[in-house]
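Colleague: Let me begin by handing over the structure; questions about it come next.
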Amino acid sequence: MTRSDLRALARLTVSGAKKGVVSNTNLNLLIELGILDLANFSVCLKKNATFTVTAETADYVISTELTDYLTMDKPGLWWYDGSNWKQLDAVTFAYLDENFPLWRDDSSDNPLRYSLNGDIITVHPKPDTTLAAGFKLYYGHKPTRMTNDNHYPFVGSTTERPHLSIFDDAILKYLKWKLEPMINKDATVNFNEQAYIKERREKKALFNRRSDIKAKLQGPKFRK
């Protein structure tokens with residue numbers, strides 16, 4: 001659905017959400033917030049990109065290296081050792097402190113693992129070489145905002161990506177959750193929030209479904 005479609009259905013779904021109460025501008029802002037939440041939760045806008053490895057540097061600010069970064073994807077961070085790409089282990093600072101108590105002062109070498117702290121990736125050991133495009137990160141990128149009523153969610157374009165349309169119902173449930181308390185002080189906020197969370201979880205599972213892989217893993221069938 002386009003932005004105008006989402007607005008129209010939101011006004012039908014939420015009693016009292018008329019233009020005189022909720023302006024198009026404010027409703028558009030809520031739609032964008034819902035899209036951002038779904039993109040972050042589902043990692044539906046998948047991407048990978050490289051950035052520079054800097055010798056003797058352990059910390060990298062993701063939003064500086066990759067300006068469209070939103071959230072991590074499962075493959076995580078990879079390191080190019082000069083011949084091959086190698087996946088680094090994803091760990092926590094607590095893991096590093098327990099297993100490598102002096103990790104902050106360890107000598108530089110080929111990175112083997114990384115930890116994520118908000119917007120900062122910390123690699124261990126810190127690299128001993130500088131290499132352009134030496135790190136590759138798999139991540140979910142930020143949605144492109146809709147600036148036109150004919151634009152579709154997530155892509156900010158008049159060209160729809162059909163595989164993302166499954167999130168339309170979740171966007172509407174997000175709007176119901178956020179709009180009703182603004183209009184009706186007695187609104188059942190918790191019920192609407194839980195309905196949205198349930199819808200969000202179901203749509204993420206649907207988005208990640210891969211029937212084709214299941215069919216291939218079963219292997220060929222032979223007649224006796």
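The values are calculated or read from the model by the stated rules, or taken from the named source; none is laboratory data. For clarity, every value in this text was computed on a predicted model and none was experimentally measured. Cβ sites come from the backbone with ideal geometry, for glycine too, and all protein chains shown count toward neighbours.
Colleague: Return the total of residues in region 18-37 being of a type outside the set (S, T, N, Q), in contact with a helix residue (DSSP H, G or I) (Cβ under 8 Å, 6 or more places away or on another chain), surrounded by 15 or more Cβ atoms within 10 Å (Cβ to Cβ) and under 29 Å from A205 (Cβ atoms).
Modeller: 6
Colleague: Sort out for me the helices (runs of 4 or more DSSP H) sitting completely within region 166-224 that have 1 or more residues that are among the hydrophobic types (A, V, I, L, M, F, W, C) and modelled with pLDDT under 70.
Modeller: Output list reads 211-217.
Colleague: Among the residues of region 20-38, is there at least one that is in a loop (DSSP other than H, G, I, E, B) and among the aliphatic types (A, V, I, L, M)?
Modeller: Yes, there is a match, as at least one residue in region 20-38 is in a loop (DSSP other than H, G, I, E, B) and among the aliphatic types (A, V, I, L, M).
Colleague: Looking only at region 98-147, which residues are of a type in the set (K, R) and either touching a strand residue (DSSP E or B) at 6+ places or on another chain (Cβ under 6 Å) or part of a strand (DSSP E or B) (or both)?
Modeller: Across region 98-147, the qualifying residues are R113, K136, K142.
Colleague: Restricting to region 38-63, count the residues that are among the aliphatic types (A, V, I, L, M), surrounded by 14 or more Cβ atoms within 10 Å (Cβ to Cβ) and within 16 Å of S115 (Cβ to Cβ).
Modeller: Residues that pass the stated criteria total 2.
Residues are listed down the side, and each one gets a yes or a no for (1) in the same structural domain as P111 (by TED's automatic domain parsing); (2) surrounded by 20 or more Cβ atoms within 10 Å (Cβ to Cβ); (3) of a type outside the set (D, E, K, R):
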site: L131; (1), (2), (3): yes, no, yes
site: K136; (1), (2), (3): yes, no, no
site: L164; (1), (2), (3): no, yes, yes
site: L179; (1), (2), (3): no, yes, yes
site: M182; (1), (2), (3): no, no, yes
site: E193; (1), (2), (3): no, no, no
site: K203; (1), (2), (3): no, yes, no
